[in-house]
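Colleague: One structure follows; several queries about it will come next.
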Amino acid sequence: MHPSARILIAILSALALPGLSFFYLLVLSALLLLANLAEPRRSWRLLWRSRWLLLGILLLHAFQLPGPALFEAWVWGPSRPGIEAGTMQAWRLAAMVLLIDLLVLRLPAAALLSGLFTLLLPLKAFGLPVERVTVRLGLTLHALAKLGQAKPPGISWAAVEASASELPIGLAVQHQAWRAGDSVLVFAVFGIALWL
């Protein structure tokens, strides 16, 4: 599948996920778990890194939505509808994180740049310097990858400056051909997103 098709499918999925009912979310989650069986530790690490965001969404909904209290004695406590809505929103976000990981984050950097270049290419007619934007994104991804390899105590300015000095002199973006099957797949996902 073309990298830009994967990015488009991830964007369409992000737009469709908030409207998914419980059943479709359950089916999607089961499919994502099956697809992530090859690398379960990677998926677990990604969800673990998102734990505070997921917990925050759950708590915000639990304490902000009105309704009967979860505990009768605790008037200012979380509400039952808030817990339900927060759980659903956190679940949707976790599914989105796993879907983006499966579709986009597992792409090699060169393929990701190729996909971004292809998606940005129509904006060249409006004066956007697509080549420069793609190269800058590539250099940013390269620098972030270097910073991600830093030791856990934290990232210092010295580490940032050192990674900036290690940036490559040149960056080549390999353009891949778009196939008819990519178009069919993107339109199929678009149709499913509209239907759900």
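Colleague: Given the conditions (1) part of a loop (DSSP other than H, G, I, E, B); (2) in contact (Cβ under 8 Å) with a residue 60 or more places away in the chain; (3) more than 30 Å from Val135 (Cβ to Cβ), report the number of the one that Gly67 does not fulfil.
Modeller: Failed condition: (2).
Colleague: To continue, here is another question. Leu8 - would you say it is in contact with a Lys or Arg (Cβ under 8 Å, 6 or more places away or on another chain), closer than 30 Å to Ala180 by Cβ and part of a helix (DSSP H, G or I)?
Modeller: No; evaluated as a whole, the condition is false for this residue.
Colleague: Take the conditions touching a Ser or Thr at 6+ places or on another chain (Cβ under 6 Å) and surrounded by 17 or more Cβ atoms within 10 Å (Cβ to Cβ) and apply them to Gly86. Does it pass? Walk me through it before giving the result.
Modeller: Numbers: touching a Ser or Thr at 6+ places or on another chain (Cβ under 6 Å): no; surrounded by 17 or more Cβ atoms within 10 Å (Cβ to Cβ): yes.
Against the criterion (touching a Ser or Thr at 6+ places or on another chain (Cβ under 6 Å) and surrounded by 17 or more Cβ atoms within 10 Å (Cβ to Cβ)), Gly86 does not qualify.
Colleague: Under 6 Å between Cβ atoms, which residue pairs at least 6 apart in sequence (or on different chains) link something in the range 30-57 that is in contact (Cβ under 8 Å) with a residue 12 or more places away in the chain with a partner that is hydroxyl-bearing (Ser, Thr, Tyr)?
Modeller: From the range 30-57, the pairs are Asn36/Ser43.
Colleague: Of all the residues that make up the range 97-117, how many are at pLDDT 85 or above, among the aliphatic types (A, V, I, L, M) and over 12 Å from His2 (Cα atoms)?
Modeller: Result for the range 97-117: 5.
Colleague: Would you confirm whether or not the range 137-158 contains a residue that is in contact with a His (Cβ under 8 Å, 6 or more places away or on another chain), surrounded by 11 or more Cβ atoms within 10 Å (Cβ to Cβ), part of a helix (DSSP H, G or I) and at pLDDT 80 or above?
Modeller: Checked against the condition, which is being in contact with a His (Cβ under 8 Å, 6 or more places away or on another chain), surrounded by 11 or more Cβ atoms within 10 Å (Cβ to Cβ), part of a helix (DSSP H, G or I) and at pLDDT 80 or above, the range 137-158 yields no hits at all.
The values are calculated or read from the model by the stated rules, or taken from the named source; none is laboratory data. The structure presented is a predicted model; accordingly, all values stated were derived computationally and were not measured. As a convention, Cβ positions derive from the backbone with ideal geometry for all residues, glycine included, and neighbour counts pool all protein chains shown.
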